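Okay, here's the structure, questions in a sec.
Every number here is computed from the coordinates shown, using simple stated rules; none is lab data. Note that this is a predicted model, so its numbers are computed, not measured. Here Cβ is always computed from backbone atoms with ideal geometry, including for glycine, and neighbour counts include all displayed protein chains.
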Amino acid sequence: MALKKLSFAGFLLEKSTPEDLIYSIDYRLLKEGEKEEYLALFASAGWEHVCSSYDIHIFKAPSGTNPIYSDVESAEDKINRLSRPVLLISKFIFPIMLSLLILLNITNGPIQELSRIAFYASFIIATPTLMMIIANLYRRMKISMTMEF
């Protein structure tokens with residue numbers, strides 16, 4: 001099976017002859033006119049473009065090809081780009097959650113119940129957001145440790 005394209009719920013695969021390939025995914029929102037240069041950059045490194053959907057781009061290469069993000073600067077750039085939306089969400093959700101927690105503790109009756117429901121909803125959003133922030137900090141730490149050696 002080989003990846004043909006991205007679909008709404010995942011990937012569309014097609015039957016093909018077995019190959020020893022590796023796939024890599026890149027998340028980058030391209031401006032108009034950037035796509036050709038972007039794809040050429042990956043092609044020059046041995047990666048063939050398979051498909052794209054909005055800001056998700058999938059490439060394939062023979063097994064053993066250098067990873068797309070093989071240097072420290074490009075790895076840091078990738079983490080920074082992936083962190084931006086998470087940090088934006090966290091700037092809103094954590095203060096809202098804290099405000100709801102305070103409101104929950106200083107009110108009674110229906111307002112307290114509404115605060116409780118809203119707090120739990122914000123907690124459900126905040127938990128994976130915090131986990132992603134921690135994961136990105138861990139990735140940054142691993143990259144910086146790589147630079148020291």
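FRET efficiency for Glu73 and Ile111, Cβ-Cβ distance as r, R0 = 41 Å, nearest 0.05?
Here the calculated transfer efficiency is 0.20.
Taking a cut-off of 17 Å, what percent of all Cα-Cα pairs in the stretch 74-117 are separated by more than that?
51
Which lysines, on any chain, are close to Lys60 with Cα under 22 Å apart, when same-chain ones fewer than 8 places away are left out?
Counting by Cα, and skipping residues close in sequence, Lys60 has these lysines nearby: Lys4, Lys5, Lys15, Lys35, Lys78.
Compute the relative contact order of the stretch 68-149 as a whole-number percentage, counting only Cα pairs closer than 8 Å that sit 6 or more residues apart in sequence.
41
For a quick check: with amide H placed at 1.01 Å from N, whose amide H comes under 5 Å from Val50's, ignoring anything fewer than 5 positions away on the same chain?
For Val50, the qualifying residues are Ile58, Phe59, Lys60.
Next question. What's the longest uninterrupted piece of the chain once you rule out the trypsin sites (Lys or Arg not before Pro) that are loop residues per DSSP with at most 11 other Cβ within 10 Å?
Between exposed loop sites, the widest span is 32-149.
List the residues whose amide H sits under 5 Å from the amide H of Leu21, counting only those 5 or more places along or on another chain, with H placed 1.01 Å from N in the peptide plane.
The answer is Ser63.
For the stretch 39-44, take each phi angle, set θ = phi - 60°, evaluate the Karplus expression 6.51 cos²θ - 1.76 cosθ + 1.60, and give the result in whole Hz per residue in order, putting x for glycine and proline.
Calculated HN-Hα couplings, in order: 5, 5, 4, 5, 4, 5 Hz.
Could you give each residue of the stretch 76-83 its phi-based ³J(HN,Hα) in whole Hz, using Karplus coefficients 6.51, -1.76, 1.60 with θ = phi - 60°, and x for Gly or Pro?
For the stretch 76-83, the Karplus-derived couplings read 5, 4, 4, 4, 4, 5, 6, 7 Hz, x marking Gly and Pro.
Excluding the sites themselves, what is the longest stretch of the chain that contains no GluC sites (Glu not before Pro) in a DSSP loop with at most 15 other C-beta atoms within 10 Å?
Longest stretch, sites excluded: 35-149.
Same structure, new question: When the Debye formula is applied to the Cα atoms of the stretch 2-62, each taken as the same point scatterer, what base-10 log of I(q)/I(0) results at q = 0.20, 0.23 Å⁻¹?
The computed values of log10 I(q)/I(0) come out as -0.81, -1.01.
I'd like to know how the stretch 27-149 sits against the 2.2 N^0.38 Å rule of thumb: what's its Cα Rg over that expected value?
1.52
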